[in-house]
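Reading through the structure tokens given below for one structure.
The values are calculated or read from the model by the stated rules, or taken from the named source; none is laboratory data. Source: prediction; values computed, not measured. Glycine also receives a Cβ, built like all others from the backbone with ideal geometry; neighbour counts cover every protein chain displayed. Side chains are part of the model used for accessible areas, which takes the heavy atoms of the whole protein and leaves out ligands, DNA and RNA. Shrake-Rupley method; radii C 1.70, N 1.55, O 1.52, S 1.80 Å.
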Amino acid sequence: MTIYNLYMFDKTGSLVYYGEWVRKKPATMSKEEEGKLVYGMIFSLRSFLLKISPTDIQDNSFCYRTSKYKLNYYESPTGLKLVMNTDLNSSPKDLLKSIYAQIYVEYVAKNPLSLPGEYINSELFAQKLNQLVSMSPIYSQRNL
Amino acid sequence: MSIHSIYIVSKSGGMIFNYDHNYPKVETERTFNFPLELKLEVRNKKLIVVFGGQKDAVCAGQTLLSINGKPICEGPILEDGTNVVEFLTNEANFPTSLKFGKSRMSTNEKMFLGSMFYPLYAIASQISPEPHSSGIQIIEAENFKLHCLQTLTGVKFILITDPKFVGVDIVLRRVYEIYSDYVLKNPFYALEMPISSTSRSMSQCVPGSFVSIQIVVSVKITSILFREVMNIRVSQTFGCIAKTFDILI
């Protein structure tokens, strides 16, 4: 049960935060380029799912599985998009919701000095995020 | 527990087959008084709700399907030629019963969607944090599940089912078998071209997917088979040919 990494995008599509815990395959491109690729992919995937869905989609989260990892997506009502790659057996929907509610809202949205669209440089945010993730049952000892 | 639809995407990314088995109809019919509390707009020759309505009943994104039971054609006009927009702005026609629902996708839209899946599949294996990942195999959304089987030759079989469906692997493999029997062994079929649904095979056999196979024997079978197996590794070629000979004999 591992968590690989987490991307956060704001509603315009700029990468707001990237957190990494385990990464076995080295990144082939820079962080910004990878962020753009991931954003483009989840944006297209989301509109694809809306169109192809037989009934209207009310929920704003989905996930997909490949042979090696699972990508979980959660969109907050304000347009903040959280993308988390985990292993195949995890179901981190609640974790994503609590990352938004307890960490982002408390330490970024309520921060008077943070500007929308800017990368989150706050150390407190990173610390609290790591704390929340390591306390979650999905996070395994292997990550340490 | 049902299959909604099946798509087959070729190696180069174009959609070559689509079949809607059980597409749930989302329709609501209600009587409306003048003035309408919904805002309608003409898009792609259809009337779409752009604003108004509640979540459970008529909501934004749905199309006007019929008025007083009479279906609406492209235009948007009724069957007898009356313009729907004029009909709805005329107070004398109210109260009237309007039916809204999710309109069926046109073939072009389906081809567009099928082709859109191909790059998403490829990017998923690129952004993987683990090495040697395949592309997307399952997408889970709230009200449906999408399964994808990529064969060794690059053809993707996409199945859209409701979330509780089990045994998808069996169905996907069976569709693959039917594809290789009826499409690839058809001497008049050109690779990566859309599969014609007027030919008896695919559209009749996919729904009755456990019907016994009838092999079409033709002089050109061997050449088609060799063309297909050229893409597969050599060690499997002999297994494939042997299997076909078993069936033929």
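Results, tabulated for the structure shown:
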{"quantity": "Cα convex hull volume per residue for chain A (Å³)", "calculated": "122 Å³"}
{"quantity": "Accessible area, probe 1.4 Å, largest first, for residues B:H4, B:H132, B:H21", "calculated": "B:H132, B:H21, B:H4"}
{"quantity": "Overall Cα dimensions of region B:46-131 - principal axes, largest extent first, Å", "calculated": "67, 28, 18"}
{"quantity": "Net dipole in debye of region A:1-67 [+1 Lys, Arg Cβ; -1 Asp, Glu Cβ; about Cα centre; nearest 20]", "calculated": "220 debye"}
{"quantity": "Solvent exposure ordering (accessible area, 1.4 Å, most first) of B:V155, B:V50", "calculated": "B:V50, B:V155"}
{"quantity": "Check: region B:15-149 dipole with +1 on Lys, Arg Cβ and -1 on Asp, Glu Cβ, in debye", "calculated": "100 debye"}
{"quantity": "Sum of -39500 (n - 2.57) over DSSP H runs of 4+, divided by residues of chain A (222 nm, nearest 500)", "calculated": "-9000 deg cm²/dmol"}
{"quantity": "Rounded to the nearest 20 debye, dipole of region B:57-130 from Cβ charges on Lys, Arg, Asp, Glu", "calculated": "220 debye"}
{"quantity": "Accessible heavy-atom area order of B:E140, B:E109, highest first, probe of 1.4 Å", "calculated": "B:E109, B:E140"}
